[in-house]
C-alpha cells in the first residue's frame, strides 16, 4: 500500500492519505507525560526557539557551506558541532526528512550521516541535560519507520549530537529499543490514532 504523507506546519499535524496520524512527538508525550511538568511555558518556548536556531544553522551550513550569522552563545555551540564533525568524520547524507510507519505515525528526523564510515541516524539536542531514554524511543521510532520504507537499508548506530550552552559538545551513542518493545508500544498507541485531538500539541 502507498502512503502519501503531508505535514501541516501551522497545526503541527501529519496526514497520511488525507487522515490525521500520530506524530513521534505525540507518542513520546504519552510515554513521558511528566517530562516538562512544572516548567513554565516561557522557558519551554525560549529553549525551543534556541534549539530551532541551532537546527536551522546546521541544516543551512550542511546544504550551502555558508557559515551562519549567530550570536556569541549560538556561535559557540555551532563551533562545537564543527569540532564534532571533524573529530568523528561526520558526513551528512540527508537532513529533515519526513518518514512514516504505515498509517500509524509519522515524524521528521534531523539527520542521516556517515560517522567514522558508518551510516547512522542522528538527532540534534541543545538541552542542558541529555535524556537518553527519551532519545532511545525517539530515534528508535524514527529508525523503525525509516526501515519500513527502505527495506534492507539499516543504520549501524543511533547518536545524539549534544550541544548544550557553555559546555563542550558531545556525540553520544544512543541505545536502540528492540523491535518487540516498539511493537508493544505501537499496539497501545494504535487505538489512539483516530483521537489525535486528545494529545497535547
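Observations
- Pair residue 94, residue 167: separation of 7 Å Cα→Cβ label points (nm): 3.0
- Debye intensity ratio in log₁₀ form over the Cα atoms of the chain, taken at each q of 0.12, 0.14, 0.18 Å⁻¹: -0.63, -0.88, -1.42
- Taking the number of Cβ atoms within 10 Å of each Cβ as an exposure proxy, the fewest-first ranking of 112, 161 is 112, 161.
- Computed [θ] at 222 nm, deg cm²/dmol, the chain (DSSP H ≥ 4; -39,500 (n - 2.57); rounded to nearest 500): -13000 deg cm²/dmol
- Put in order of Cβ neighbour count within 10 Å, fewest first, the listed residues 184, 64 become 64, 184.
- Residue list for segment 162-183, given a label point 7 angstrom along the Cα-to-Cβ vector of residue 75 and an amide N cut-off under 11 Å: none
- Paramagnetic reach from residue 184 in segment 9-38 [backbone N under 20 Å; point 7 Å along Cα→Cβ]: 27-34
- Only Cα pairs under 8 Å and 6+ residues apart enter the sum, and on that basis the relative contact order of the chain stands at 22 percent.
- Restricting attention to the chain, close to 75% of DSSP beta bridges with both partner residues there are antiparallel.
Throughout, read-outs are computed from the coordinates displayed, never taken from laboratory work. Keep in mind that what you see is a predicted model, and the values were worked out from it rather than measured. Quick reminder, even Gly has a Cβ in these numbers, built from the backbone with ideal geometry, and neighbours come from all protein chains shown.
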